[in-house]
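Before any comments, here is the structure.
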Amino acid sequence: MSSTTTQTETREAIRVENLSHKYPAPRRSRRGNDQPARRTLALDGVTFQVKPGEIFGILGPNGGGKTTLFRILSTMLRPSAGEDANAGAANIMAHDVLAEPALVRQQLGVVFQSPSLDGKLTALENLRHQGRLYGLGGGELSRRIDQWIGYFGLADRQGEFVERFSGGMRRRLEVAKALLHEPKLLLMDEPATGLDPAARRDLWQKLMQLRDDKGMTIALTTHLMDEAERCDRLAIIAEGKLIAVDTPTNLKARIGGDVITLEPEAEQNGNDADQLAQAISEKFGPWDEGASPTVADGKVRFEKPDGARVVAEIAAAFPGQIRSLTVGRPTIEDVFLHLTGASLSCSDAG
Ligand SMILES: Nc1ncnc2c1ncn2[C@@H]1O[C@H](COP(=O)(O)OP(=O)(O)OP(=O)(O)O)[C@@H](O)[C@H]1O
Ligand SMILES: [Mg+2]
């Protein structure tokens, strides 16, 4: 009956099907108002697959549901959609996260959003400790530590206390730690948040090397544009819903034309951007879906197929009212705005 096909070649590294999660309602509102406490629907019927050997990004704003998804995939949180609703399913390397959590954890290296290193231990001690948690020891553990600490360029600093490491070095050590048990899949929650651009580039160079040299599958969450642009494929989520999945190039191609952004002259009566948006909307329509003027951060933004021509017309139509006017090819931020009508507000204060 069971013919052995080359199924392992084709199966997904991650399969998420109609996954939902509702957090329980807070016990009681501190202010004691009469409003019934609401449960938060953090994930709402999310479906996607991650292929072996790709870097897959999950892009979304703060509170979008990224960490919730990450926690379910890493078996730290049981999906639950409430009494009568179906919470869906999630598989890692064909193992169900609910039915086979131990097998899932073997396949997974996990890097959390908050740091998990002990600053009072050296890099070497942090890795030794992690190795023992996975039942490793002796020569085998030493060999793996040497390999990964060298891979991430930390060999000459291995005897130093981690509290003296820079943010970038700590992140690389976190990844080394997650890889000690030699998982097939690396799962990371906002790995580059809080790193400066140079440290981000270093980390990404290593991630791409892991994919290319070792065939590692990498799934990560992010709200950073530069990180999203580097992924092989991206899932965009907002308010718990999956909005689109595709390569960054294809996502950007969904915006038919150029993106024009303009900043009104210094405020005279408080709502110059809104008035300009309204005037442009009337004068330059009709508009494709998602393309018409919107206002975010005091700037007006819209899409037109022939940006350069429209820019000239706008400059002529609103003399003295425009401080700056830019036209460019769409970015992933534009894709997000186009699809959701909201800004990603990529605060990177971490
Ligand atoms: N333990 C919890 N109990 C109740 N609600 C929660 C809990 N954790 C998260 N939420 C809510 O679930 C939603 C999704 O949160 P989640 O942490 O998954 O978002 P995120 O995309 O990771 O955000 P960030 O970019 O800020 O890390 C939010 O509305 C959040 O307030
Ligand atoms: Mg999060």
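The values are calculated or read from the model by the stated rules, or taken from the named source; none is laboratory data. Please read these numbers as outputs of a predicted model, since none were measured by experiment. With ideal geometry, Cβ positions are generated from the backbone for all residues, glycine too; neighbour counts draw on all protein chains shown. Note: areas computed on protein heavy atoms with side chains; ligands, DNA, RNA excluded. Shrake-Rupley method; radii C 1.70, N 1.55, O 1.52, S 1.80 Å.
Data table
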{"read-out": "Residues located in region 1-44, provided they are among the basic types (Lys, Arg) and either open to solvent by less than 50 Å² (accessible area, probe 1.4 Å) or at pLDDT 60 or above (or both)", "value": "11, 15, 22, 27, 28, 38, 39"}
{"read-out": "Hey, residue 226 open to solvent by 10 Å² or more (accessible area, probe 1.4 Å) and either under 24 Å from residue 51 (Cβ atoms) or within 16 Å of ligand 2 (Cβ to nearest atom) (or both) or not", "value": "yes"}
{"read-out": "Lone unmet requirement of (1) modelled with pLDDT under 90; (2) open to solvent by less than 50 Å² (accessible area, probe 1.4 Å) for residue 54", "value": "(1)"}
{"read-out": "Subset of region 65-93 [hydrophobic (A, V, I, L, M, F, W, C) and either in a strand (DSSP E or B) or open to solvent by 20 Å² or more (accessible area, probe 1.4 Å) (or both)]", "value": "76, 77, 85, 89, 90, 92, 93"}
{"read-out": "Close pairs from region 216-240: first of a type in the set (Asp, Glu), partner within 14 Å of ligand 2 (Cβ to nearest atom), Cβ under 6 Å, at least 6 apart", "value": "227/192"}
{"read-out": "Some residue of region 236-243 being more than 16 Å from ligand 1 (Cβ to nearest atom), modelled with pLDDT under 95 and surrounded by fewer than 19 Cβ atoms within 10 Å (Cβ to Cβ)", "value": "no"}
{"read-out": "Filter result for residue 281 (polar (S, T, N, Q), modelled with pLDDT of 90 or more and either within 28 Å of residue 48 (Cβ to Cβ) or not assigned by TED's automatic domain parsing to the domain that holds residue 56 (or both))", "value": "yes"}
{"read-out": "Strands (runs of 3 or more DSSP E) wholly inside region 176-287 that include at least 3 residues being not hydrophobic (A, V, I, L, M, F, W, C)", "value": "217-222, 258-264"}
{"read-out": "Search result, residues across region 154-175 that are free of Cβ contacts under 8 Å to residues at least 40 places away in the same chain, open to solvent by 10 Å² or more (accessible area, probe 1.4 Å) and not in a helix (DSSP H, G or I)", "value": "158, 159, 160, 166"}
{"read-out": "All positions within region 299-313 that are of a type in the set (Asp, Glu) and either in contact with a Pro (Cβ under 6 Å, 6 or more places away or on another chain) or open to solvent by 60 Å² or more (accessible area, probe 1.4 Å) (or both)", "value": "306, 313"}
{"read-out": "Residue in region 265-277 that is within 16 Å of ligand 2 (Cβ to nearest atom) and either in the same structural domain as residue 313 (by TED's automatic domain parsing) or modelled with pLDDT of 95 or more (or both) present", "value": "no"}
